[in-house]
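Peer 1: Sharing a structure here in structure tokens format.
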Amino acid sequence: MSRGAVCLGVTRSSAGRAWRYRLDDDSRATGIAQRLGIPEPLARILAGRSVPEADLDRHFDTSLKAWMPDPSALLDLDRAAERLADALIAGEPCAVFGDYDVDGGTSSALMSRYFRALGRPLRVYIPDRMTEGYGPNPAAMRQLAEEGIRLLVTVDCGAQAFDALAVAEQAGLQVIVSDHHQMTAGSPAAYAVVNPNQPGDTSGLGHVCAAGVTFMLLAGVNRDLRRRNWFAKAGVAEPDLRRYLDLVALATVCDVVPLVGLNRAFVKHGLRILDAGENAGLAALKQIAGLKGALRSSHFGFALGPRVNAGGRVGRAELGALMLASDDVAFAGEAASELDRYNRERQSIEAFVLEAALEQVEKTGTRPGLVAASGEGWHAGVVGIVAGRLKDKYDLPSAVFAIEGDIARASLRSVSGVDLGAAVGAAKAEGLLVSGGGHAMAAGLSVERARLEDVIAFLDERLAPAVESRTGRGLYAIDAVVGPAGLTPAFYDMVERAGPYGAGNPEPVIAVPDARIVDARIVGENHVSVVAMCGGDRLKAIAFRAADTPVGAALMQKGRPIHLAGRLLANDWQGQRRIELSIEDAAAV
């Protein structure tokens, strides 16, 4: 069954999709099953994600030791770590300048927690999205220098801040850049630039988010201070950086970087730290979001991340970073409540902009490489979320522009296999943008209003070939076909060990063949609860928010033979675990 081979003969499902096997090499799955001693369906999952041969033997070992490279692999990291160690030892006035999103906020909190653990104060500066925009700006550089700051670390920003960092240099402010955004036009005036996506970096860590880069930078600082025997001389306990991995995990998921290699280890460890409740801010967010029990990586993206982001979108930009950096339980609780209020406000604004954007796209249509919408007075804090909604709906890269005066500011989101960051970098190199940057899946830019259509046309032309050549549009990828008898707790646990799942490591989709619905009812908020029989085996399943969809209608037809497909769920009840199916699609036999 090669890539594109029809699964269970389904060429048009209830959702209007063709089912295709994700796997492109059956023989590799057989080899993996024999090599690792795992069931064939699990081997198909690994083979379908193109896990490198060199990583197979350690794939189920997500220990940091198994995946953490030498920090020195990052270009300029040793130089940056030594300078930071010098500053910490001397007690120099230092500051961190972070982006206003989750990645920037967590990176800033990482720096703040590390400095505090060593008894050193750290100034945290998060720019206001509406008045300052993204990244370092000349006014902020002058302000920090006037405050007496001598060393500044920019996190999740700064890699292309040429003008601002030139001003910083003139003001006597040394800058270390810790970033992961693509660099296309040389390096800014900085003491050191630590960025796996800069020319000349051979670390192979371009998939790591800014918080991951910052974590590795701090690991380098820790090592440098240990080498100098400073911890013993100063009578200071060496920080255990692993306790900060909940922050790295949150950023890794929310910044939609691939959950492969080191990133899997970051998230796996981060989930354990999060469950332990060591970070007061995250614990407060968990409580206010109503999250209980062991969390999964999806909770970062759908429950915690949006609340951290809300401050930067519609409220106090620095609040999320300060909350995540704090050990004050009372402050963390107050900040979490305020962020929750901001998030509800953000949802209301988002709904308005989304409705207007959808109406506009329905009138103007989509382009071959891009779906774009723009509006006067649209809130710049929500255009990224709306861009994500358009991307999901139209399965195309998206750009949503908020126009204010003579400037249009956009957030862009991409689909798998289409590099947005490179396209925005090319537009900037062509002189079309006021500013811009990003990575493969997400980017931002500012453009003069008069050149808005030129930029949209340029991006469309640049992205169209990649969109045209990408595989999978209109298809539903199936990892394995498994009957109810094979959906055991042991199999579920093995599938979970191959996670965590997210961008670049999608959650496995299992097809259950030849089922007959014996009971179907609508429960909760439009969910369809199903009991099916496959031969003599019983399957419990649920289709969330599907009652008024074609899939829900198909499930309500009792007694009719049907193939089901979806993701595995574990239902723990009275000490027993039962594996169920979260149905995403169905097809008549």
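Peer 1: Once each part is reduced to its C-alpha centroid, what is the distance from segment 63-97 to segment 145-196 in angstrom?
Peer 2: Between the Cα centres of segment 63-97 and segment 145-196 lies a distance of 15 Å.
Peer 1: Work through the residues other than residue 172 whose Cβ is under 11 Å from its Cβ and net out their charges, Lys, Arg +1 and Asp, Glu -1.
Peer 2: It works out to a net charge of 0.
Peer 1: A further question on this structure: Leaving out same-chain residues fewer than 8 places away, which aspartates and glutamates sit with a Cα under 15 Å from that of residue 558?
Peer 2: Cross-link targets: 514, 519.
Peer 1: Can you pick out the pairs among 65/268; 286/393; 268/292 whose Cα atoms lie more than 21 Å from each other?
Peer 2: Long pairs (Cα-Cα over 21 Å): 286/393.
Peer 1: Where a Cα-Cα gap under 19 Å defines reach, which aspartates and glutamates qualify for residue 363, not counting those fewer than 8 residues away within the same chain?
Peer 2: Straight-line reach from residue 363, under 19 Å: 355, 376, 392, 395, 453, 460.
Peer 1: As I understand it, the dipole of segment 303-375 uses +1 on the Cβ of Lys and Arg and -1 on the Cβ of Asp and Glu, about the Cα centre. Which of 331, 309, 369 lies farthest toward its positive end?
Peer 2: Toward the positive end, the furthest listed residue is 369.
Peer 1: Next question, about the same structure. Taking θ as phi - 60°, what are the ³J(HN,Hα) couplings along segment 477-490 by the Karplus curve (6.51, -1.76, 1.60), each to the nearest whole Hz, with x for Gly and Pro?
Peer 2: Listing the rounded values in order: 7, 9, 7, 7, 9, 9, x, x, 5, x, 8, 8, x, 5 Hz.
Peer 1: If you don't mind, another one. If I fit a long axis through the Cα atoms of helix 210-227 and take the longest principal axis of the Cα atoms of the chain, what angle between them do I get, 0 to 90°, rounded to 10?
Peer 2: Rounded to the nearest ten degrees, it is 50.
Peer 1: Compute the long axis of helix 262-276 from its Cα atoms, compare it with the longest principal axis of the Cα atoms of the chain, and write down the angle in degrees, 0 to 90, nearest 10.
Peer 2: Once rounded, the angle reads 90 degrees.
Peer 1: What order do you get for 231-241, 493-503, 418-428 when each peptide is scored by the mean count of other beta carbon atoms within 10 Å, highest first?
Peer 2: Peptide ranking by packing, descending: 418-428, 493-503, 231-241.
Peer 1: Enter the Cα centre distance for the pair segment 379-395 and segment 281-310, rounded to the nearest angstrom.
Peer 2: 21
Peer 1: Counting helices only, and only those DSSP H runs with n ≥ 4, report the 222 nm mean residue ellipticity of the chain as the sum of -39,500 (n - 2.57) divided by its residues, in deg cm²/dmol to the nearest 500.
Peer 2: Per the formula, -12500 deg cm²/dmol.
Peer 1: If one takes the longest principal axis of the Cα atoms in the chain, at what angle in degrees, from 0 to 90 and to the nearest 10, does the Cα axis of helix 77-90 lie?
Peer 2: Once rounded, the angle reads 50 degrees.
Peer 1: Net charge around residue 61, counting only other residues with Cβ within less than 12 Å of its Cβ (Lys, Arg = +1; Asp, Glu = -1)?
Peer 2: Surrounding charge for residue 61 is +3.
Peer 1: Please name whichever of 434, 229, 175 sits farthest to the positive end of the charge dipole of the chain, dipole taken about the Cα centre and charges placed at Cβ: Lys and Arg +1, Asp and Glu -1.
Peer 2: Sorting the options by dipole projection puts first 229.
Peer 1: Simple spin-label model, 7 Å along Cα-to-Cβ: residue 34 to residue 490 in nm?
Peer 2: About 2.2 nm, to one decimal.
Peer 1: Please give the residues of segment 103-145, grouped as numeric ranges, whose backbone N is less than 17 Å from a label point set 7 Å along the Cα-to-Cβ vector of residue 232.
Peer 2: Backbone N within reach: none found.
Peer 1: Then there is this: Using the Karplus equation 6.51 cos²θ - 1.76 cosθ + 1.60 (θ = phi - 60°), what ³J(HN,Hα) coupling, rounded to whole Hz, does each residue of segment 345-357 give in order, writing x for Gly and Pro?
Peer 2: With coefficients 6.51, -1.76 and 1.60, one gets 5, 4, 4, 5, 5, 4, 4, 5, 5, 4, 4, 5, 5 Hz.
Read the figures in this text as sums done on the coordinates, not as results from a lab. Every value quoted in this text rests on a predicted model; they were computed, and no experiment measured them. Here Cβ is always computed from backbone atoms with ideal geometry, including for glycine, and neighbour counts include all displayed protein chains.
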